[in-house]
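This report refers to the structure that appears directly beneath it.
The values are calculated or read from the model by the stated rules, or taken from the named source; none is laboratory data. Just so it is clear, the model here is predicted, and its values are computed rather than measured. Glycine gets a Cβ as well: all are built from the backbone with ideal geometry, and neighbour counts include every protein chain shown.
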Amino acid sequence: GQTLMLTATDDRELNQKIVSACRMRKILVNTADDNLCDFYFPAVTEKDGVVIGMNSGGKSPKTVRKVREYLEGYRESYEYKNE
């Protein structure tokens, strides 16, 4: 009865086995720190109802985090200057 699976073990081989089992059963799967995902969780920043979501498709999560942090810092700087 599963339709969605998250796997985040510290064993890459086990994660790959879980991904294979899910795909055989047509279950969408996300595996942490790998690009074998059927879906991704975006890095999100929100202010006053405006939401920006970013994702690198599993290729460069550190870069996405840095871009999110930059945007949040820019937003805070902009708000400070315009008060």
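Computed values, structure above
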item: Single unsatisfied condition, Val29 versus (1) modelled with pLDDT of 90 or more; (2) over 15 Å from the mean Cα position of the chain (by Cα); result: (2)
item: Filter result (within 10 Å of Ala43 (Cβ to Cβ) and modelled with pLDDT under 80) within the stretch 53-63; result: Ser56, Pro61
item: Any hit, the stretch 64-73, residues being touching a Pro at 6+ places or on another chain (Cβ under 9 Å), among the small types (Gly, Ala, Ser) and modelled with pLDDT of 80 or more; result: no
